[in-house]
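K.L.:
Below you'll find the structure I mean.
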Amino acid sequence: MRYRWRMMHHKAGMFSGAAPLGLRQLSLAEYAAMAPEFAALAAKAADPNPHMSPASVSAAASLLAQDDIVILAVTDQAHGHALAGIWALGLSRPAWAMGIPVLTAPVLPLYDVLSLPVVDASQLGPVLDVMLAHVVMDPLLPRLIRCPALATGTATGKALLQLLPKHRAKVTLYESWQRAILKPGTGITADDYLRAGMGHSYKNYMAKRRALERSGKIGFAMHRREAAIAALPRFLALEASGWKGKAGTAMASNPRHAAYAAELVIQLAAQDEVMIAELTRDGTPLSMGLLPVSGGTSCFIKAAYDEQVRKHAPGFLLQMEVTAALMADPGFRLMDSGMDDTGDIMVWSERRGMAHGLIALGTAPTAWLAAHGLALRQRLRHARRHVLKG
């Protein structure tokens, strides 16, 4: 694929009275230079998504060919071409699509990162409309969009799904679930939030913390910028020391993934868009978490703990410390746990709807066929898991 730019103007219709919008398809180099513009957009976005930031996309490019990255940028023509929307997608030909090219959001769908575009809340519908129209009209782009972590319970997710019929699109949603998030109401303290959400377990986990304190000095930090870069090797080592290392799913188990993690943290740290949470005893890590951040929204994409102190629940204690730290930040809006509600999660009580989604735009029969093929495969895999569990 070659990079190019094209302007599209949103006309009056279902969003009459809206300002004209332009769409430009950016090269990776162009987008990498737009960190300030993206930060301004994230601050007013309906649903900020750190995985769409220039730094995140640039880091993903370390595992992909640059020609396999498609970046759709919508600008507001009436306000100095201000950035009004960003959707970064990867281009591939997966086996399940029978050779049909597919766009995937995010660019690198590792670690359950969000598929949502980042859109100005005041122009949510019009911006999404322009993005979808561009994909339909551009003959060089596939009309099949895979969204492996589509937040259907958000304003952006709902608006996207509502617009699809206008573009003669078929959406297939499968394996829906509820994801734990932290979005406390105003005027509530972290201690009150944790007590209310955890119930009787709160005292139990505080007792576990006191037991740890009797064996050494407990510390906690949310590392940013250079400190985050310095903390990454400790995180990789801690994750590799546990069951993820034995199963081969730790970042350090895959040299390419380890290199990607380093590039991600370096890129994000330069923009102050990443935090590494660390709970220690006498300076030794007990549990750690990797959290990209943008527009007051952070996302847990990886977590690890020392399994030798598992009985003291260091992972839960880290969640409690992260909750208190985030709620003390005046710019905090929301934290995405990256986890569903089927596990033993008791710290974060809010939930939002999620699903794997496949969008076939226009009337392209091959895209519809691929969509049905993937949906059928996923349903068969889901049924097989239930049979094995039974």
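The values are calculated or read from the model by the stated rules, or taken from the named source; none is laboratory data. All figures in this text were calculated on a predicted structure; none of them were measured in a lab. FYI the Cβ positions are ideal-geometry reconstructions off the backbone, even for glycines, and counts take in every protein chain you see. Accessible surface areas use protein heavy atoms only, side chains included; no ligands, DNA or RNA. Shrake-Rupley method; radii C 1.70, N 1.55, O 1.52, S 1.80 Å.
K.L.:
Any residue at all in segment 258-275 that's of a type in the set (A, V, I, L, M, F, W, C), part of a strand (DSSP E or B) and either within 17 Å of G315 (Cα to Cα) or in contact with a Leu (Cβ under 7 Å, 6 or more places away or on another chain) (or both)? Full working, then the answer.
P.N.:
Let us first name the residues in segment 258-275 that are of a type in the set (A, V, I, L, M, F, W, C), namely 258-259, 261-262, 264-266, 268-270, 274-275.
From the residues that got through so far, the ones that are part of a strand (DSSP E or B) too are 274-275.
Next, from what is left, pick out any that are either within 17 Å of G315 (Cα to Cα) or in contact with a Leu (Cβ under 7 Å, 6 or more places away or on another chain) (or both): 274-275.
Checked against the condition, which is being of a type in the set (A, V, I, L, M, F, W, C), part of a strand (DSSP E or B) and either within 17 Å of G315 (Cα to Cα) or in contact with a Leu (Cβ under 7 Å, 6 or more places away or on another chain) (or both), segment 258-275 yields at least one hit.
K.L.:
For M137, all conditions in the list (1) open to solvent by 20 Å² or more (accessible area, probe 1.4 Å); (2) among the hydrophobic types (A, V, I, L, M, F, W, C); (3) modelled with pLDDT of 95 or more hold save one; what is the number of the exception?
P.N.:
Failed condition: (3).
K.L.:
Look through L291, L236 and report the one residue that is farther than 30 Å from E37 by Cβ and either at pLDDT below 95 or crowded, with 18+ Cβ neighbours inside 10 Å (or both).
P.N.:
Values: L291 fails: farther than 30 Å from E37 by Cβ.
From the options L291, L236, the qualifying one is L236.
K.L.:
Of all the residues that make up segment 67-88, how many are open to solvent by less than 30 Å² (accessible area, probe 1.4 Å) and either in a helix (DSSP H, G or I) or among the small types (G, A, S) (or both)? Even if it seems obvious, please write down each step before you answer.
P.N.:
First pass over segment 67-88, keeping only residues open to solvent by less than 30 Å² (accessible area, probe 1.4 Å): 69-76, 83-88.
Checking which are either in a helix (DSSP H, G or I) or among the small types (G, A, S) (or both) leaves us with 73, 84-85, 88.
Qualifying residue count, segment 67-88: 4.
K.L.:
Separate question: For segment 94-152, name all the residues that are in a loop (DSSP other than H, G, I, E, B) and of a type in the set (A, V, I, L, M). So that I can check it myself, show each step before the final result.
P.N.:
Just the residues of segment 94-152 that are in a loop (DSSP other than H, G, I, E, B), to begin with: 94, 98-101, 105-117, 138-143, 151-152.
Residues satisfying the conditions are M98, I100, A105, V107, L108, L110, V113, L114, L116, L140, L141, A151.
K.L.:
What pairs can you find where one residue is in segment 169-182 and assigned to a strand (DSSP E or B), the other is of a type in the set (D, E), and their Cβ atoms are less than 6 Å apart, with a gap of 6+ or different chains?
P.N.:
If the second residue must be of a type in the set (D, E), the pairs left are W177/D340; Q178/D341; R179/D340; A180/D341; I181/D336; I181/E350.
K.L.:
Looking only at segment 206-252, how many residues end up being part of a loop (DSSP other than H, G, I, E, B) and under 23 Å from the mean Cα position of the chain (by Cα)? Talk me through it step by step, then tell me what you get.
P.N.:
At the first step, the residues of segment 206-252 found to be part of a loop (DSSP other than H, G, I, E, B) are 214-217, 224, 241-242, 248-250.
Next cut, under 23 Å from the mean Cα position of the chain (by Cα) only: 224, 248-250.
Final tally of qualifying residues: 4.
K.L.:
So, one more: So, in segment 241-283, exactly how many residues are touching an Asp or Glu at 6+ places or on another chain (Cβ under 8 Å) and open to solvent by less than 60 Å² (accessible area, probe 1.4 Å)? Can you show your working first?
P.N.:
Initially, segment 241-283 is screened for residues touching an Asp or Glu at 6+ places or on another chain (Cβ under 8 Å), giving 241-243, 245, 250-252, 269, 277, 279.
Those left that are additionally open to solvent by less than 60 Å² (accessible area, probe 1.4 Å): 242, 245, 250-252, 269, 277, 279.
Final tally of qualifying residues: 8.
K.L.:
Please tell me if R352 is closer than 23 Å to Q162 by Cα and modelled with pLDDT of 90 or more.
P.N.:
Details: closer than 23 Å to Q162 by Cα: yes; modelled with pLDDT of 90 or more: yes.
Yes: the conditions hold for R352.
K.L.:
Looking at L91, is it touching a helix residue (DSSP H, G or I) at 6+ places or on another chain (Cβ under 6 Å) and not in a loop (DSSP other than H, G, I, E, B)? Can you show your working first?
P.N.:
On the way: touching a helix residue (DSSP H, G or I) at 6+ places or on another chain (Cβ under 6 Å): yes; not in a loop (DSSP other than H, G, I, E, B): yes.
For L91, the condition - touching a helix residue (DSSP H, G or I) at 6+ places or on another chain (Cβ under 6 Å) and not in a loop (DSSP other than H, G, I, E, B) - is met.
K.L.:
If M339 meets every condition in (1) modelled with pLDDT under 65; (2) open to solvent by 40 Å² or more (accessible area, probe 1.4 Å); (3) within 24 Å of the chain's Cα centre (by Cα) apart from one, which number is that one?
P.N.:
(1)
K.L.:
Looking at segment 161-182, is at least one residue closer than 18 Å to P106 by Cα, at pLDDT 95 or above and crowded, with 19+ Cβ neighbours inside 10 Å?
P.N.:
no
K.L.:
Among all residue pairs at least 6 apart or on different chains, which show Cβ distances below 8 Å where the first residue, located in segment 11-39, is under 23 Å from P165 (Cα atoms) and open to solvent by 20 Å² or more (accessible area, probe 1.4 Å) and the second is small (G, A, S) and modelled with pLDDT of 95 or more?
P.N.:
Qualifying pairs under 8 Å: M14/G125; F15/G125.
K.L.:
Here's something else I'd like to know. Can you list residue pairs whose Cβ atoms sit under 6 Å apart, with the first residue in segment 233-252 being in contact (Cβ under 8 Å) with a residue 60 or more places away in the chain and the second being open to solvent by 20 Å² or more (accessible area, probe 1.4 Å)? Count only pairs 6 or more apart in sequence or on different chains.
P.N.:
Between residues of segment 233-252 that are in contact (Cβ under 8 Å) with a residue 60 or more places away in the chain and residues that are open to solvent by 20 Å² or more (accessible area, probe 1.4 Å), the close pairs are L238/P285; G242/E307.
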